[in-house]
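All remarks here apply to the structure that follows.
Just so it is clear, none of the values below were taken in a lab; they were calculated from the coordinates. Every value quoted in this text rests on a predicted model; they were computed, and no experiment measured them. Please note: Cβ atoms are built from the backbone with ideal geometry, for glycine as well, and neighbour counts cover all protein chains shown.
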Amino acid sequence: AQKITQTQPGMFVQEKEAVTLDCTYDTSDQSYGLFWYKQPSSGEMIFLIYQGSYDEQNATEGRYSLNFQKARKSANLVISASQLGDSAMYFCAMREWLTGGGNKLTFGTGTQLKVEL
Amino acid sequence: DTEVTQTPKHLVMGMTNKKSLKCEQHMGHRAMYWYKQKAKKPPELMFVYSYEKLSINESVPSRFSPECPNSSLLNLHLHALQPEDSALYLCASSTNEGGVNTEAFFGQGTRLTVV
């Protein structure tokens, strides 16, 4: 079974500063995918970034980067130059491919990020 | 078009009502999903449809009945719900190919309140 752990229920960051959101995972699979999603108060889950288990480079997407440390089983999200619009719930998730087709995302408990002036 | 559209956005229903949630995508995705999210909790998978066939039912009570009429539409029929079923219901879609970056695209969700 796959497990995702996010140990930071809430985080505060000053506008324009960088922030790291922690995520550790546990799986017996050799091949897996890790995702970060942002969920504003409106409810939509917005895809941010993806890291494959065999990717040698850390993933980056604009102001988002993923600090992937495979041996430590961690996949921390780094947001640079924080903006007020970054205030939201952030979920780390692991993908499991299903034999019948499609996939299942297992989510961590989330980190509520608040960006302050 | 990278959108998943869910209707309605809000729904209040009584325990004896029958209602349906609707989800539509036009990205050509052949896998579609229903997730349930209780307040301050992460989403949890309910159902998976792959090529319009139900492939996963995560032990969901029969008062929730999914339907996939075609490759673009996904419905969730609700009947005789309980107040504890109040939650945000998220629809998602993705490709079915393995080995690639196939993120799931989510809709904005339907906030359901059962009274």
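Between A:N67 and A:Q83, the contour length at 0.36 nm per residue exceeds the Cα-Cα span by 3.7 nm. In percent, rounded to a whole number, the relative contact order of chain A is 36, using alpha-carbon pairs under 8 Å and six or more apart.
Legend: ranking of residues A:S74, B:S62, B:S94 from fewest to most surrounding C-beta atoms inside 10 Å; resulting order B:S62, A:S74, B:S94. Expressed as a rounded percentage, what relative contact order does chain B have, with Cα pairs under 8 Å and six or more residues apart? Reported relative contact order: 37 percent. Applying the criteria of a DSSP loop state and at most 12 other Cβ atoms within 10 Å to the GluC sites (Glu not before Pro) of segment B:15-115 yields B:E97.
List the chymotrypsin sites (Phe, Trp or Tyr not before Pro) within segment A:31-117 that fall in a DSSP loop (any state other than H, G, I, E or B) and whose Cβ has at most 12 other Cβ atoms within 10 Å.
Passing sites in segment A:31-117 are A:Y54.
Using a 4.7 Å Cβ-Cβ cutoff, the cysteines of the protein assembly as shown lacking any partner cysteine are B:C68. Considered as an equivalent ellipsoid built on the Cα gyration tensor, chain A has semi-axes of 25, 15, 12 Å, the largest given first. Out of B:M15, B:M46, B:M32, any idea which swings most in a Gaussian network model of chain B, alpha carbons joined below 10 Å? Evaluated over chain B, the most mobile residue of the options is B:M15. Within the listed set A:Q83, A:Q30, A:Q69, the residue fluctuating most in the Gaussian network model of chain A (springs between alpha-carbon atoms under 10 angstrom) is A:Q30.
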